Amino acid sequence: MRKGQKNSQDQGFDYKKFETEALAGLQSGKGLIGEDGILRELMRHLVQSSLEGELQHHLKESKSKGGANRRNGHTSKTIQTHVGPIQIHPPRDREGDFEPRLVGKWDRKLNSGFDAQIIELYSLGNSLEDIQFHLKRMYGAELSTSQLSTITEQVRGDIEKWQKRPLQSFYILLYLDAIHFKVRENGRVITKAIYTVYGVQADGFRDVLCLYAGQGAEGAKGWGRVLEHIKDRGVEDVLFFCVDGLGGFKEAILEVYPQSVVQRCIVHMIRNSLKFVDDADIKPLIKDLKKVYQADTEPQGLGALSGFGQVWDGKYPEIAKAWRKNWTELTAFFGFNWAVRRIMYTTNAVEGLHRMLRKTTKAKGAFVSENALMKLLYLTLQRKEKVWKRRVHAYKAIQRNLAREFGDRFEKHVKN
């Protein structure tokens with residue numbers, strides 16, 4: 001097209017003709033999108049009309065400011081859209097300062113939401129091959145797995161920003177737990193621990209502070225690095241940590257947050273206690289254990305543990321022994337009322353978060369890379385935000401108790 005020549009194709013769009021040709025195309029078996037897709041000409045017209053409108057607005061603004069800018073013909077280029085490649089003729093202005101928003105000067109792709117659909121399919125746990133099949137069947141679009149991977153990789157920048165975002169300086173409680181996945185690395189499949197920090201803010205709402213990919217199996221040293229990581233991002237004080245029975249866990253926490261109360265998960269301890277218990281004994285044994293951790297005070301709990309030993313030490317002597325050995329970490333919650341105990345005595349909250357992630361990843365064997373795993377976990381969190389980012393139950397009662405127990409250490413973080 002020569003400089004200054006009018007694009008005659010966009011003098012007007014014959015919708016009646018398009019409708020007739022579209023119906024004929026559908027009847028003959030043509031697809032809606034792709035190389036010969038029915039919608040390509042309509043898309044081309046819509047994009048071209050939008051660009052012409054943008055230039056018209058630009059020239060009008062220039063004229064209102066006393067300028068003499070005017071049209072200066074068209075260029076030509078092909079762009080990729082979700083209905084297939086289309087050729088457009090972007091208009092130019094004499095002064096060269098027109099920057100179209102819909103399709104930039106150097107853009108070769110129209111962002112029409114198709115990428116968002118692909119990312120949404122990926123976040124639901126579909127493999128790239130599944131997405132490829134779905135797009136071909138539903139839309140007639142043929143994208144290679146490498147193209148799909150490039151599209152899903154767009155979220156990588158969002159993940160990095162999320163992992164490095166500043167955190168609040170204070171949290172009531174942080175649940176620490178790891179979830180494990182199979183990942184291909186250097187030609188072999190390894191088990192990788194994803195360290196999860198799930199917290200309760202001063203306003204009572206929950207938040208996922210980070211998902212941190214560790215090297216190898218979960219360990220206290222790995223958790224120490226995670227805690228240093230969140231401290232560097234702004235977390236200065238945490239009232240409570242709730243953790244499982246990993247060796248060295250408490251020491252790793254107190255090294256970074258020496259003022260915190262560390263509560264070992266009661267539910268984990270019960271599970272460990274039941275490992276070798278006969279089926280017939282499980283219900284009565286649990287009933288007696290409840291008397292221990294549901295006691296009103298620590299002395300009452302110790303009394304209940306003595307009573308438990310009298311009944312069960314003959315057959316299961318290791319259970320009461322293990323509870324006594326870990327008594328300090330298991331009973332930190334006794335210093336607080338039931339509203340606070342309810343949120344701090346078990347890691348069930350973070351385990352629920354992990355179950356949500358597992359629903360998306362359960363169909364996977366081994367992830368092709370750590371990057372692929374982290375993309376899917378992040379997208380699942382974003383899609384399910386309403387599920388995990390909610391306020392804890394009976395928060396006003398928790399606030400009252402924390403204000404009494406911790407005074408200004410808590411109250412200065414509560415907004416009026």
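The values are calculated or read from the model by the stated rules, or taken from the named source; none is laboratory data. Since the model is a prediction, treat every value here as computed from it, not as a measurement. FYI the Cβ positions are ideal-geometry reconstructions off the backbone, even for glycines, and counts take in every protein chain you see. Side chains are part of the model used for accessible areas, which takes the heavy atoms of the whole protein and leaves out ligands, DNA and RNA. Shrake-Rupley method; radii C 1.70, N 1.55, O 1.52, S 1.80 Å.
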Taking residue 382 as meeting all but one of (1) farther than 26 Å from residue 128 by Cα; (2) under 31 Å from the mean Cα position of the chain (by Cα), write down the number of the exception. (1)
Return the only residue of 396, 375 being open to solvent by 20 Å² or more (accessible area, probe 1.4 Å), at pLDDT below 95 and either part of a helix (DSSP H, G or I) or touching a Pro at 6+ places or on another chain (Cβ under 6 Å) (or both). 396
State the number of residues belonging to the range 213-235 that are outside any helix (DSSP H, G or I) and touching a residue at least 40 places away in the same chain (Cβ under 8 Å). 5
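Can you name every residue in the range 217-246 that is out of contact with any helix residue (DSSP H, G or I) (no Cβ under 8 Å at 6 or more places or on another chain) and open to solvent by 10 Å² or more (accessible area, probe 1.4 Å)? Even if it seems obvious, please write down each step before you answer.
The initial filter retains those residues of the range 217-246 that are out of contact with any helix residue (DSSP H, G or I) (no Cβ under 8 Å at 6 or more places or on another chain), namely 217-219, 222, 225-226, 229-230, 232, 234-236, 238.
Of everything in the range 217-246, those that are out of contact with any helix residue (DSSP H, G or I) (no Cβ under 8 Å at 6 or more places or on another chain) and open to solvent by 10 Å² or more (accessible area, probe 1.4 Å) turn out to be 217, 218, 219, 225, 229, 232, 234, 236.
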If residue 302 satisfies all but one of (1) part of a helix (DSSP H, G or I); (2) open to solvent by 30 Å² or more (accessible area, probe 1.4 Å); (3) at pLDDT below 95; (4) of a type in the set (A, V, I, L, M, F, W, C), what's the number of the condition it fails? (3)
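Would you mind stating whether residue 184 is in contact (Cβ under 8 Å) with a residue 60 or more places away in the chain, assigned to a strand (DSSP E or B) and open to solvent by 30 Å² or more (accessible area, probe 1.4 Å)?
Working: in contact (Cβ under 8 Å) with a residue 60 or more places away in the chain: yes; assigned to a strand (DSSP E or B): yes; open to solvent by 30 Å² or more (accessible area, probe 1.4 Å): yes.
Judged against the criteria, residue 184 is a match.
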Unmet requirement for residue 207, which otherwise passes all of (1) touching a strand residue (DSSP E or B) at 6+ places or on another chain (Cβ under 8 Å); (2) over 23 Å from residue 120 (Cα atoms): (2)
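If you go through the range 76-105 one residue at a time, how many are farther than 18 Å from residue 43 by Cβ and free of Cβ contacts under 8 Å to residues at least 40 places away in the same chain? Show your work before the answer.
Within the range 76-105, the subset farther than 18 Å from residue 43 by Cβ is 92-99, 105.
If we keep only those that are free of Cβ contacts under 8 Å to residues at least 40 places away in the same chain too, we end up with 92-97, 99, 105.
Within the range 76-105, residues that are farther than 18 Å from residue 43 by Cβ and free of Cβ contacts under 8 Å to residues at least 40 places away in the same chain number 8.
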Per the filter on the range 165-181, residues open to solvent by 10 Å² or more (accessible area, probe 1.4 Å) and more than 18 Å from residue 222 (Cα to Cα) are 165, 166, 167, 168, 169
Look through 65, 60, 17, 6 and report the one residue that is open to solvent by 90 Å² or more (accessible area, probe 1.4 Å), at pLDDT below 65 and not acidic (Asp, Glu). 6
When the range 152-182 is examined, which residues are found to be among the small types (Gly, Ala, Ser), farther than 15 Å from residue 237 by Cα and in contact with an Asp or Glu (Cβ under 8 Å, 6 or more places away or on another chain)? 178
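Being open to solvent by 60 Å² or more (accessible area, probe 1.4 Å) and either at pLDDT below 80 or of a type in the set (Lys, Arg) (or both) is the filter; apply it to the range 68-81 and report the residue that is nearest to residue 135 (Cα to Cα). It would help to see each step written out before you state the result.
Kept after step one, since they are open to solvent by 60 Å² or more (accessible area, probe 1.4 Å), are these residues of the range 68-81: 68, 70-71, 76, 78, 80.
When the remaining residues are screened for being either at pLDDT below 80 or of a type in the set (Lys, Arg) (or both), the result is 70-71, 80.
Numbers: 70: 43, 71: 40, 80: 16 Å.
Among them, the one singled out is 80.
Evaluate the following for residue 405: is it in contact with a Phe, Trp or Tyr (Cβ under 9 Å, 6 or more places away or on another chain), at pLDDT below 95, open to solvent by 60 Å² or more (accessible area, probe 1.4 Å) and not in a loop (DSSP other than H, G, I, E, B)? Walk me through it before giving the result.
Values: in contact with a Phe, Trp or Tyr (Cβ under 9 Å, 6 or more places away or on another chain): yes; at pLDDT below 95: yes; open to solvent by 60 Å² or more (accessible area, probe 1.4 Å): yes; not in a loop (DSSP other than H, G, I, E, B): yes.
Judged against the criteria, residue 405 is a match.
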Across the range 323-358, what is the total count of residues that are under 25 Å from the mean Cα position of the chain (by Cα), in contact (Cβ under 8 Å) with a residue 60 or more places away in the chain and part of a helix (DSSP H, G or I)? 10
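Looking at the range 388-416 only, could you name the residues that are in contact with a helix residue (DSSP H, G or I) (Cβ under 6 Å, 6 or more places away or on another chain) and under 17 Å from residue 196 (Cβ atoms)?
Just the residues of the range 388-416 that are in contact with a helix residue (DSSP H, G or I) (Cβ under 6 Å, 6 or more places away or on another chain), to begin with: 388, 392, 394, 397-398, 401-403, 410-411.
The one that is in contact with a helix residue (DSSP H, G or I) (Cβ under 6 Å, 6 or more places away or on another chain) and under 17 Å from residue 196 (Cβ atoms): 388.
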Residue check, residue 288 against (1) more than 27 Å from residue 275 (Cβ to Cβ); (2) part of a helix (DSSP H, G or I); (3) in contact (Cβ under 8 Å) with a residue 24 or more places away in the chain, all met but one. Which one? (1)
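Return the residues of the range 360-399 that are of a type outside the set (A, V, I, L, M, F, W, C), free of Cβ contacts under 8 Å to residues at least 40 places away in the same chain and under 30 Å from residue 151 (Cα atoms); say none if nothing qualifies. Can you show your working first?
If we filter the range 360-399 for residues that are of a type outside the set (A, V, I, L, M, F, W, C), which is where we start, we get 360-362, 364-365, 369-371, 375, 378, 380, 382-386, 389-391, 393, 395-396, 399.
With the extra rule that they be free of Cβ contacts under 8 Å to residues at least 40 places away in the same chain, the set shrinks to 384-386, 396.
If the condition is that a residue be of a type outside the set (A, V, I, L, M, F, W, C), free of Cβ contacts under 8 Å to residues at least 40 places away in the same chain and under 30 Å from residue 151 (Cα atoms), then 384, 385, 386 are the ones that fit.
Can you tell me which of 295, 322 is crowded, with 17+ Cβ neighbours inside 10 Å and on the phi < 0 side of the Ramachandran plot? Before the answer, list the steps.
Numbers: 322 fails: crowded, with 17+ Cβ neighbours inside 10 Å.
Only one candidate qualifies: 295.
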